[in-house]
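What follows is a single structure, written as structure tokens, with notes after it.
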Amino acid sequence: MTSASWLTALRAAVVGLAVAGTVSGGAVSAQGPESAERVLLTAGRSTVLSTDFDITRIAVTDPEIADAVVVRPREVLVDGKGAGTVSLIVWGADTRKHYDVVVDRGVSTLQQNLQQLFPGEAINVGITDEAAILSGQVSSNDVMLRAAEVARAALPKSSIVNMLQLPSGSPSKQVMLQVRFAEVNRNALLQAGLSLFTTRTAFTSRSTTQQFAAPNIDDDGNVQGLEFSDFLNLFFFHREEGIGGVLKALQGRGFLQSLAEPNLIAYNGEEASFLAGGEIPIPIVQGVTGQVSVQYKEFGIRLTFRPTIAGDVIRLKLRPEVSSLDFNNGVILQGFRIPALNTRRAETDVELRDGQSFAIAGLMNNVSQTDRQAVPLLSRLPIIGNLFKSKAERAEQTELMVLVTPRLVRALDPDEVPLLPTRPGDFIDPAEDARPRTPGLEDGPEGTAPATVRKPQGR
């Protein structure tokens, strides 16, 4: 390196040191985030922070959690708005200070309310970003459930986790629900009607209310379509005299009984549902374009429940529902028949102990329908007026009963596990199947059967 190069490098180093010294001498003293002062607040309350320097500027990371405003040259007013943690930075002329502002949901207020409502109960309240946790020991089931209701009313936007313990509380955290749906359907049908007709050389006549099928007569006076399935229940025709009659007299009764027994298991406080049925496609026209899309609607027997375990008491929120297809009241859209849904639904809350049962009854549906048709004037004549009348009566009764039995789920000990039924002779011995075989020695003729037979081992 030449002497000129050495002089240039030395000059640059001296200038750099001078600049560094200038910057160091005029640097702003700052407090790092790792040494930030912690400020605790409750949502809806405020506090004042004092500094030993005049404030020139402040900044808050999230004003929705906490906001700050300078009220005096050396005082900052901090307002708590929502649960969370934010950073507050305060600048002075030659310094900077960091604060960690922690805002909770007002748990201290809820704690005070619970202590006033339930004196002597050891109820502790904890808070997270999304839930409030109740812990401690209580003396009864009623206190456990009431404390959760008070917390839910005080914090409507938060989830409540009830971990309160009873002195003799059950360790089970799952509930098995045994449900029986029993449905009984009865129906009765009565149809009555009379049609008369005559075919003569000079004239042809027929009387009918058109409620039931009647024989057709052509232009020549001949009776057509004599199908006995249409002429219920009595048919008479005198060919020589050309006189005939059709009597519709039908009476029917039906009885239907269905039973469903679903078993559901749900965790404490979680919802479980059951559906035994199907789905029907429903076409839906999309706006102006007229494009048709298909959505599926569920039907059948549905049960939704949410258990809450309070010691040896189980509180259930139940929603049983039974729905069926009704094609008579359906609609026709672009050639497709879309059935309606007959739905019976109930919703209730109940408290039971392990193994106790309760029934939801009274879901009864009675349908009665009468259709009458008659020929004007002729149907009002004495005696013979009944020849020009017809009627159809239908009565249907459906009753649904739901029987529910909750049970606490308990894991089995090793000595309580029941033995499975086994027949050792019906299974292949794993050692026999895994043992290598030599063709011609262990196989029988043509390699299809073993040369030696081993007796199966087992009980």
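Taking the condition of being within 28 Å of the chain's Cα centre (by Cα) and of a type outside the set (A, V, I, L, M, F, W, C), how many residues in segment 321-336 meet it?
Residues that pass the stated criteria total 6.
Considering only residues that are touching a strand residue (DSSP E or B) at 6+ places or on another chain (Cβ under 8 Å) and outside any strand (DSSP E or B), which ones fall in segment 386-417?
Result: Asn386, Leu387, Phe388, Val409.
Residue check, Pro421 against (1) at pLDDT 75 or above; (2) not in a strand (DSSP E or B), all met but one. Which one?
The failed condition is (1).
For (1) in contact with a Ser or Thr (Cβ under 6 Å, 6 or more places away or on another chain); (2) open to solvent by less than 30 Å² (accessible area, probe 1.4 Å); (3) modelled with pLDDT under 90, each residue gets a yes or a no:
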{"position": "Phe53", "(1), (2), (3)": "yes, yes, no"}
{"position": "Thr56", "(1), (2), (3)": "no, no, no"}
{"position": "Val60", "(1), (2), (3)": "no, no, no"}
{"position": "Ala68", "(1), (2), (3)": "no, yes, no"}
{"position": "Ala83", "(1), (2), (3)": "no, no, yes"}
{"position": "Val86", "(1), (2), (3)": "yes, yes, no"}
{"position": "Trp91", "(1), (2), (3)": "yes, no, no"}
{"position": "Lys97", "(1), (2), (3)": "no, no, no"}
{"position": "Gly106", "(1), (2), (3)": "yes, yes, yes"}
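Restricting to segment 350-401, name every residue that is surrounded by 12 or more Cβ atoms within 10 Å (Cβ to Cβ) and of a type in the set (Asp, Glu).
Across segment 350-401, the qualifying residues are Glu351, Asp354, Glu393, Glu396, Glu399.
If I ask for residues that are exposed (fewer than 13 other Cβ atoms within 10 Å of the Cβ) and farther than 18 Å from Met364 by Cβ, which ones from segment 337-346 would you list?
Step one: filter segment 337-346 for residues exposed (fewer than 13 other Cβ atoms within 10 Å of the Cβ), giving 337, 343, 345.
Scanning segment 337-346 gives a single hit, Arg337.
Which of the residues belonging to segment 137-164 are modelled with pLDDT under 80, open to solvent by 50 Å² or more (accessible area, probe 1.4 Å) and not in a loop (DSSP other than H, G, I, E, B)?
Selection gives Asp142 alone.
For segment 116-136, name all the residues that are in a helix (DSSP H, G or I) and at pLDDT below 85.
Step one: list which residues in segment 116-136 are in a helix (DSSP H, G or I), which gives 116-117.
Listed by number, the list is empty, since nothing qualifies.
The values are calculated or read from the model by the stated rules, or taken from the named source; none is laboratory data. What you see is a predicted model; the values in this text were computed from it and never measured. Because the Cβ atoms are built from the backbone with ideal geometry, glycine has one as well, and the counts that use them run over all protein chains shown. Each accessible area value is taken on the protein alone, full model and side chains, heavy atoms only, with ligands, DNA and RNA left out. Shrake-Rupley method; radii C 1.70, N 1.55, O 1.52, S 1.80 Å.
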